[in-house]
Amino acid sequence: MTAIVAVHGVGHHAPGHSPEEIVTARSATWSKELATGLGVAPEQIPLTYAYYAHHLHRNKPVSQGADPLDQLEYEHPEAADEIALWAESLDQALNLGLPSVTAQGRLAVPLRQFVSFLAERLSLDGRLTRAFIALFFRDVALYLKHHEDPARIAAREEVAATIASTGARVVIAHSLGSVVTYEALHAHPELDVELLLTLGSPLALPHGVFHRLSPAPADDTGQRPAGVRRWVNLCDHGDIVAVPRPLKQRFPTVDLDLTDSIAPFDFHSAAPYLRSAAVAATIAPFLEAKR
């Protein structure tokens, strides 16, 4: 079967464990989730987990007991602008009817108030939503700090090296992992990928992500990595990260841009995506062709 590399999103940093331990454990976990959707045994899924989070968090202090949004504003004050732009895109994508929350590119209401309102409208746990938003924008800030930041280069080189060493022809990239993978494949056009499957991708998020990509978009259009033969994008209807939609507006060379109901009460986690019928239908032909 064709080898698969899976690239994680935010929230996968595991201090206290070696990268090798994490790769072994999470390769097994992601194989199990993918096998569930495919209806096969996990042992039949030749998947390797590409772990890059340790590069972003190296020498970064771990907060103790602080409110995650307060910590975000303290560490990355520029995140307020990014969250304001994200809020506008989210409102357009989900038709939430949000009150006026931005003014001249910044939040016009306190960040906690906005997140609480958002959680209430989407019937989400407010505490978990605050923690997730803080985590997502913190990791985005750490990765997209600037084009030549050593952590950014190390993260994408880690992903590229995993694809090269495994000979993987299928790459599944979730959340921020789709951004790291996009840049890794552009940096290494020699990598031949039959299928790039992006899940819950924030690649099109204006300013916060899209306008900071490397290579930079040309004429407001993102470019397909040269070595990618087929690119499929999938997002849940309620995914609050995969905005604006459709991705194809910013990346017209995406072959298939799908929006589906993946997990109504789990808006962004990798596991429901991996178990979904849409993912199974997308990757099955590539696996079966190499049996």
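The values are calculated or read from the model by the stated rules, or taken from the named source; none is laboratory data. The shown structure was predicted, so the numbers you read here are calculated from the model rather than taken from an experiment. No Cβ is skipped: glycine too gets one built from the backbone with ideal geometry, and neighbour counts run over all protein chains shown.
Determine whether the stretch 95-117 contains at least one residue that is in contact (Cβ under 8 Å) with a residue 40 or more places away in the chain, of a type in the set (D, E, K, R) and more than 16 Å from Ala53 (Cβ to Cβ).
yes
I'd like the full set of residues that are in contact with a helix residue (DSSP H, G or I) (Cβ under 8 Å, 6 or more places away or on another chain) and in a helix (DSSP H, G or I), limited to the stretch 155-176.
Of everything in the stretch 155-176, those that are in contact with a helix residue (DSSP H, G or I) (Cβ under 8 Å, 6 or more places away or on another chain) and in a helix (DSSP H, G or I) turn out to be Ala155, Arg156, Glu157, Glu158, Val159, Ala160, Ile163, Leu176.
Going through the stretch 139-165 one residue at a time, which ones are in contact with a Leu (Cβ under 9 Å, 6 or more places away or on another chain) and closer than 24 Å to Ala280 by Cβ?
Passing the criteria: Val159, Ile163.
Looking at the stretch 80-109 only, could you name the residues that are at pLDDT below 75 and not polar (S, T, N, Q)?
Leu98, Pro99, Val101, Ala103, Gly105, Arg106, Leu107, Ala108, Val109
Conditions (1) basic (Lys, Arg); (2) buried (at least 17 other Cβ atoms within 10 Å of the Cβ), marked per residue:
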{"position": "Leu197", "(1), (2)": "no, yes"}
{"position": "Gly200", "(1), (2)": "no, yes"}
{"position": "Asp220", "(1), (2)": "no, no"}
{"position": "Val232", "(1), (2)": "no, yes"}
{"position": "Arg245", "(1), (2)": "yes, yes"}
{"position": "Phe251", "(1), (2)": "no, yes"}
{"position": "Ala270", "(1), (2)": "no, yes"}
{"position": "Pro285", "(1), (2)": "no, no"}
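Given the options Val171, Val180, Val101, name the one that is outside the structural domain of Glu20 (by TED's automatic domain parsing) and not charged (D, E, K, R).
From the options Val171, Val180, Val101, the qualifying one is Val101.
Within the stretch 213-271, track down each residue that is assigned to a loop (DSSP other than H, G, I, E, B), in contact with a Lys or Arg (Cβ under 6 Å, 6 or more places away or on another chain) and of a type in the set (Asp, Glu).
Across the stretch 213-271, the qualifying residue is only Asp255.
Mind checking which pairs have a first residue in the stretch 161-173 that is under 11 Å from Trp231 (Cα atoms) and crowded, with 16+ Cβ neighbours inside 10 Å and a second that is at pLDDT below 95 and of a type outside the set (A, V, I, L, M), Cβ under 7 Å, 6 or more apart or different chains?
Partner pairs satisfying both residue conditions: Val170/Thr2; Val170/Phe286.
Can you list the helices (runs of 4 or more DSSP H) lying wholly within the stretch 1-79 that have 1 or more residues being in the same structural domain as Thr181 (by TED's automatic domain parsing), at pLDDT 95 or above and more than 20 Å from Val179 (Cβ to Cβ)? Spell out the reasoning first.
On the way: elements: 19-38, 53-57, 68-75.
Once the helices (runs of 4 or more DSSP H) in the stretch 1-79 are filtered for at least 1 residues that are in the same structural domain as Thr181 (by TED's automatic domain parsing), at pLDDT 95 or above and more than 20 Å from Val179 (Cβ to Cβ), what remains is 19-38.
Among the residues of the stretch 132-152, which ones are part of a helix (DSSP H, G or I) and either among the charged types (D, E, K, R) or at pLDDT below 85 (or both)?
Passing the criteria: Arg138, Asp139, Arg152.
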